Amino acid sequence: MILLNQGKSWFLIYSNMKNILDFLIEVGKLKKMPRTGFVWLGIKNPETIAQHSFRVAIMNWILGKKMKPKFNLKKIIQISLVHDLCEIYAGDITPYWGLLPKDKKKRKEILKRWIRFPQEIKAKRDQVKFIREKASLQKLVRVLPLKLEKEIMNCWLDYERLISREGKFVKQGDKVETLLQALEYWGPKPDSPVIGWWEEVEDLVDHPILLEFLEKLEKKFYQEKKVNGELKFLLEIGKLKTMSRTGWILRNVKNPETIAEHSFSLAMASWVLSQRRILDLEKMLKMSLVYEICELLAGDVTPYDELLPSNKKKKILKRWPRFSRKEKAKIFLKDYRREKKALEKITSGLSPNLKKEIIDLWDECKGRKTLEGKFVNQAYWLVTYLQALQYFKENKKFPILAWYEQMREFIEDSNLLELMGEMEDKYLPKRKIKFL
């Protein structure tokens, strides 16, 4: 707590890292919350709310970039990231809430079509949903510094009440991304649940850029035509929703975090942790979203891959490997070249300007070449450490020592070190593990 004297006025600046940690832990619950509609329709291991929010943010950014006059892209990404935060406590409330029978067959039949209500009934149901979700979000953000609390609430209200051009675009883009996911699950099969999402989109979406994108969806899934550009890119990005992080697989974690979920967590962390820094937030949010997309083709390589033959890797998983500076430089350069080559291929169908922007953002973050890149790179490791600590809490056999040692090598920002201390106080009380 800091008191600043400016003339006769006193300003109280309060920032509690313990509260920030509590907020990030609660937001992380979205990584385990499957989307209700897909659960009801019998999809095995359906996407989580975090996975959905990740692609909504990227999709709205790259499609919104085409808008003239220009959108506020920082606002687009922020609204996309927070649009479902209320569901942490309110749950994923679908338009069918309170109407579906318990019988699964009858339920599936109803869910095949978009449900329409008379305007008066729809308004009442929408108001009940709004009040419940608003209370949920207020409960979540009340631990944050006032400025940040208002910022997140205003983004969500913009989405719900369609206050700005950006809010309206994100609201419609959210529906389009859900339709895209439904098509990925079921394809263009007749009499499938996809028709319900098409009907919803036709009711609600009227933005020219999104209508153009919907035409590309039809060509891809119904006319079986090859597509490039944004749609091909977003279809590839969607694979990150089911791509588990290698570090967790090596440690035999059940239902491990995916790359899409980690990227969502990184974006939220970069946002809330940068409040004490004069940094370009739009750039950091974009970096967070694209930093790991190279792993679609490059693979999620761990620091252990260069050290020992695969049959001996298990011997080093409990400790962080130590390399000389020369070895580190060699490993970094090899990873850099492989990942950049993969990223160039993934973005090859995008416009030259967008492709360059994504690669430049990744390059700044990978090489810590700017203040923003350096901050997001450290936040990446910190968010990973938080997840590792949570896995350790669930299973005390989890080799947390490796991550503990690793953080001492990568984290140097004072804010992030402060949060790391709070994390360890919470998950490693009195250091009940031996750090040798």
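Got a sec? Which of K32, K74 is outside the structural domain of N255 (by TED's automatic domain parsing), under 20 Å from R245 (Cα atoms) and among the basic types (K, R)?
Details: K74 fails: under 20 Å from R245 (Cα atoms).
Among K32, K74, only K32 is outside the structural domain of N255 (by TED's automatic domain parsing), under 20 Å from R245 (Cα atoms) and among the basic types (K, R).
Looking at Q378, Q390, can you tell me which residue is assigned to a helix (DSSP H, G or I), under 29 Å from I278 (Cβ atoms) and in the same structural domain as H262 (by TED's automatic domain parsing)?
Working: Q390 fails: under 29 Å from I278 (Cβ atoms).
The conditions single out Q378.
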Original post:
Is it true that N60 is in contact with a Gly (Cβ under 7 Å, 6 or more places away or on another chain) and farther than 29 Å from E418 by Cβ?
Top reply: yes
Subject >> Residue list for region 285-307, restricted to those being in a loop (DSSP other than H, G, I, E, B), touching a residue at least 12 places away in the same chain (Cβ under 8 Å) and not small (G, A, S) >> reply: Y291, E292, I293, C294, D300, V301, T302, P303, Y304, E306, L307
**OP:** Name, by its number, the condition in (1) in contact with a helix residue (DSSP H, G or I) (Cβ under 7 Å, 6 or more places away or on another chain); (2) over 23 Å from L179 (Cβ atoms); (3) among the hydrophobic types (A, V, I, L, M, F, W, C) that does not hold for I131.
**Re:** (1)
Subject >> Failed condition for M67, given (1) under 26 Å from S288 (Cβ atoms); (2) modelled with pLDDT of 95 or more >> reply: (2)
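Out of all the residues in region 34-42, is one or more surrounded by 11 or more Cβ atoms within 10 Å (Cβ to Cβ) and at pLDDT 95 or above? Steps first, please.
From region 34-42, those surrounded by 11 or more Cβ atoms within 10 Å (Cβ to Cβ) are 34-42; that's our starting set.
Within this subset, residues satisfying the condition of being at pLDDT 95 or above are 34-35.
Yes, that holds for at least one residue.
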**OP:** Can you tell me which residue within region 70-92, out of those that are more than 15 Å from the chain's Cα centre (by Cα) and more than 21 Å from I163 (Cβ to Cβ), is modelled with the lowest pLDDT?
**Re:** D92
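Report the residue count in region 322-331 for those that are in a helix (DSSP H, G or I) and either loosely packed, with under 13 Cβ neighbours inside 10 Å or assigned by TED's automatic domain parsing to the domain that holds E230 (or both).
First pass over region 322-331, keeping only residues in a helix (DSSP H, G or I): 325-331.
Remaining after also requiring either loosely packed, with under 13 Cβ neighbours inside 10 Å or assigned by TED's automatic domain parsing to the domain that holds E230 (or both): 325-326, 329.
Residues in region 322-331 being in a helix (DSSP H, G or I) and either loosely packed, with under 13 Cβ neighbours inside 10 Å or assigned by TED's automatic domain parsing to the domain that holds E230 (or both): 3 in total.
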Subject >> Qualifying residues in region 155-196 (those that are surrounded by fewer than 20 Cβ atoms within 10 Å (Cβ to Cβ) and among the acidic types (D, E)) - the one farthest from L85 (Cα to Cα) >> reply: D191
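The values are calculated or read from the model by the stated rules, or taken from the named source; none is laboratory data. Just so you know, these numbers come straight off a predicted model, no measurement behind them. No Cβ is skipped: glycine too gets one built from the backbone with ideal geometry, and neighbour counts run over all protein chains shown.
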